[in-house]
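One structure is given here, and the rest of the page talks about it.
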Amino acid sequence: MNLIPLAGALVAFLLAVSHWIETMQRRNNGKPFTVFPTLISQKQSTGVVTFVYHYAATFLFLTLGILQIHIYAELSGEIKLYRYFFGIHIPCLLLIGPLVYIYFEEMSGGDFYKVSPSHFLPSLVSLFIVYLIRSDDFQLFPAGLFTQNQNYNFEYLIHFLLGFAVLSILGYMVSIFTRVFRWKFSSTEKLETSFFPLICLLVYSLFVVISFVISQLFFMHIFVLACFELTSLLIIILLFRMNHKEMVPNFKSEVRIARYQESRLRGLDIGQTLQRLDDIMNLEQLYLNENLSLPILAKRLDLHTHQLSEILNVHLNSTFRNYVNHFRLQEAARLLLEKPDMTIISVIYASGFNSKSSFHKLFLDRFGQSPQNYRSLKK
């Protein structure tokens, strides 16, 4: 049974590496055109905080891996040989809640920069307590929190921090769980393709956290069972990533719709509006509709035409026509290169334009050459 957390640690580290590679590729390759780069840059923090936020998923699974190794060391009794390794589980547990929340915000298309860095403060404080103020004679016995020389105060403090940590994770999970269910049942759109399996995964995650809460605070005998549940959860997540890579993008797309509808109930949220606009153009490719107009797009966003026009002018420094033509020109350039057998006239209409003359002028202004030359020079 002691090998269960060791297996969980291996899976957690695999997930950490997978997310690290994915994030590196996404940042190195760059994202597709986004409609609100200035808005994001104003919100971003700098330095270490930005790094942690971008790689939250990596740090989450890395933390879970370290936690699983610590559990293995406790259950096997080997932690007595590395007594300074004991205590790392408390800062790790206090990191899991904020990292899960940031990971959820990123996965669901939210603004994870709204999660204050102060959420990491308890973990830093516990790190100071565990490693700087404990007595030199602090020692452990297998799978227990005991001290020699009757150092009861520190032992009680460890118990308190441990209980607080698992309860904090429960609090974050309940918050996420509540929001997902609110989106699910309040959205006017059909949210089915990814919501149900991810809600099931979320329910099981909540069950795992509750098992750890019960084992740590009330009934230690089910601790091994909770470890098995955590390992199985990590395996399920790994299998999801391997076999259902479309799940998270679908979930992100669906949740953004729900987020936008929720924000509209509270009034006009510029950030959510720009995010929804970005999805409509990049994911739904509404610009391919040659009859797309300002009123049609405003209706999709549940806005008045003057509101959308103002958002485009003020926040994107663009007119409606220039904004839509940007996407159409990008699509035309893609078709010219990826489909060499496609005629120029076919490219024009396939990319959403309904006028040959305006297309040629716009293409020349944008790329500095005709479509024919662009195709031939890029071969």
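Bear in mind that the values in this text are calculations on the coordinates, not laboratory data. Not measured: the values here are computed from a predicted model. Using ideal geometry, Cβ is built from the backbone for each residue, glycine included, and neighbour counts are taken over all protein chains shown.
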From the phi angles alone, apply the Karplus equation (6.51, -1.76, 1.60; θ = phi - 60°) to segment 307-315 and give each ³J(HN,Hα) in whole Hz, x where the residue is Gly or Pro. 5, 5, 4, 5, 4, 5, 6, 7, 8
May I ask you to evaluate 6.51 cos²θ - 1.76 cosθ + 1.60, the Karplus curve with θ = phi - 60°, for each residue of segment 347-363 and list the ³J(HN,Hα) values in order in whole Hz, giving x for glycine and proline? 4, 4, 6, 5, 9, x, 7, 10, 9, 5, 5, 5, 4, 4, 5, 5, 5
With each pseudo-label sitting 7 Å past Cα toward Cβ, what's the V17-S293 distance in nm, one decimal? 5.7
What FRET efficiency would be calculated for the residue pair H221, L283, taking the C-beta separation as r and a Förster radius of 45 Å, to the nearest 0.05? 0.40
The whole-number value in µm²/s of the Stokes-Einstein translational diffusion coefficient for segment 198-260, with Rh from the Kirkwood sum over alpha carbon pairs at 10 °C and 1.306 mPa s, is 120
Label-point separation in nm, K356 to V174, each point 7 Å along Cα→Cβ: 6.7
Given a Förster distance of 41 Å, the FRET efficiency implied by the Cβ-Cβ spacing of D302 and L167, rounded to the nearest 0.05, works out to 0.55
Apply the Karplus parameterisation 6.51 cos²θ - 1.76 cosθ + 1.60, with θ equal to phi minus 60°, to every residue of segment 88-94 and state each ³J(HN,Hα) to the nearest whole Hz, in sequence, with x for glycine and proline. 5, 5, 6, x, 5, 4, 6
Distance in nm between label sites at S309 and L3, each 7 Å beyond Cα in the beta-carbon direction? 7.1
